[in-house]
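Participant: Shown below is the structure under consideration.
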Amino acid sequence: MKKIFFCFMFLGFLFNLNSQNLEKEEVQRVIEKFFIGFHEKDSLTIASTVYSIDFKLLSTSTAQDGKAVLSPVPFYSFLNVLLQRPSDANWKEKLTGFEIKIDGKLANAWVSYEFWVKGNFSHCGVNSFNLFKGDDGWKIVTLIDSRSIENWNLNSLTN
């Protein structure tokens, strides 16, 4: 009887582990789809990955005086810069690692990256995504990034 109980416990553990891995894969696919839209200048693809157009996009940096800065980036401003960038700018954000944690309908993905412009390294950092799973699947609620190069500006890449 103990062996049967142990087998059911072990099978339950395996099922839960597999289910958790599938959820992590779904979260990663949403983030990768966001960056497909980013690279292809496709606002509809990006919009399909976020919970609403009011999702929070923030960037961390350090001011010249050494103080930490957290800057909100309005979604429409982000899309304008993205869509108006010159076609020869050739932005590439290489996602170099995923660490995903899930609890029910909430997920956090810690995604390291390198950012390249015209084939040249620009900066690197981490994207921290918070996602919510509703009736239509996982959607990005917030995105906060860090950057290793100080005084870097999203607008500077369009010039």
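The values are calculated or read from the model by the stated rules, or taken from the named source; none is laboratory data. Model, not experiment: these values are computed from the prediction. As a convention, Cβ positions derive from the backbone with ideal geometry for all residues, glycine included, and neighbour counts pool all protein chains shown. To get the accessible areas, we keep the full protein, side chains included, count just its heavy atoms, and leave off ligands, DNA and RNA. Shrake-Rupley method; radii C 1.70, N 1.55, O 1.52, S 1.80 Å.
Participant: Only one of Leu44, Leu82, Leu70 is within 20 Å of Val126 (Cα to Cα), at pLDDT 90 or above and of a type in the set (A, V, I, L, M); which? Reasoning before the result, please.
Facilitator: Working: Leu44 fails: within 20 Å of Val126 (Cα to Cα); Leu82 fails: at pLDDT 90 or above.
Every option except Leu70 fails the conditions.
Participant: Still on this model: Looking at Ile53, Ile140, which is the one that is among the β-branched types (Val, Ile, Thr), within 19 Å of Phe38 (Cβ to Cβ) and either open to solvent by 60 Å² or more (accessible area, probe 1.4 Å) or part of a loop (DSSP other than H, G, I, E, B) (or both)?
Facilitator: On the way: Ile140 fails: either open to solvent by 60 Å² or more (accessible area, probe 1.4 Å) or part of a loop (DSSP other than H, G, I, E, B) (or both).
Just a single option satisfies the conditions, and that option is Ile53.
Participant: Looking at the stretch 80-95, which of its residues are closer than 20 Å to Leu57 by Cα and either touching a Gly at 6+ places or on another chain (Cβ under 9 Å) or open to solvent by 60 Å² or more (accessible area, probe 1.4 Å) (or both)? Steps first, answer last, please.
Facilitator: Here is the first cut: in the stretch 80-95, the ones closer than 20 Å to Leu57 by Cα are 80-85, 91-95.
Hits for the stretch 80-95 are Asn80, Leu82, Leu83, Gln84, Lys92, Lys94.
Participant: Same structure, new question: Please give the number of the condition Ser77 fails out of (1) more than 24 Å from Gln20 (Cβ to Cβ); (2) polar (S, T, N, Q); (3) open to solvent by 60 Å² or more (accessible area, probe 1.4 Å).
Facilitator: For Ser77, the exception is condition (3).
Participant: Say we look at the stretch 57-67 and pick out the residues that are closer than 21 Å to Ile100 by Cα and surrounded by fewer than 16 Cβ atoms within 10 Å (Cβ to Cβ); which of these is modelled with the highest pLDDT? Spell out the reasoning first.
Facilitator: Just the residues of the stretch 57-67 that are closer than 21 Å to Ile100 by Cα, to begin with: 57-60.
Narrowing further to those that are surrounded by fewer than 16 Cβ atoms within 10 Å (Cβ to Cβ): 58, 60.
On the way: Leu58: 92, Thr60: 89.
Only one residue fits best here, namely Leu58.
Participant: Find the residue count for the stretch 108-132, including only residues that are open to solvent by less than 60 Å² (accessible area, probe 1.4 Å), over 16 Å from Lys33 (Cα atoms) and either touching a residue at least 40 places away in the same chain (Cβ under 8 Å) or not in a strand (DSSP E or B) (or both).
Facilitator: Summing the residues that are open to solvent by less than 60 Å² (accessible area, probe 1.4 Å), over 16 Å from Lys33 (Cα atoms) and either touching a residue at least 40 places away in the same chain (Cβ under 8 Å) or not in a strand (DSSP E or B) (or both) in the stretch 108-132 gives 2.
Participant: Within the stretch 20-37, work out how many residues are under 18 Å from Trp91 (Cβ atoms) and surrounded by fewer than 18 Cβ atoms within 10 Å (Cβ to Cβ).
Facilitator: Restricting attention to the stretch 20-37, the residues satisfying the condition of being under 18 Å from Trp91 (Cβ atoms) are 31-37.
Those still in the list that are surrounded by fewer than 18 Cβ atoms within 10 Å (Cβ to Cβ) too: 32-33, 36.
Of the residues in the stretch 20-37, 3 are under 18 Å from Trp91 (Cβ atoms) and surrounded by fewer than 18 Cβ atoms within 10 Å (Cβ to Cβ).
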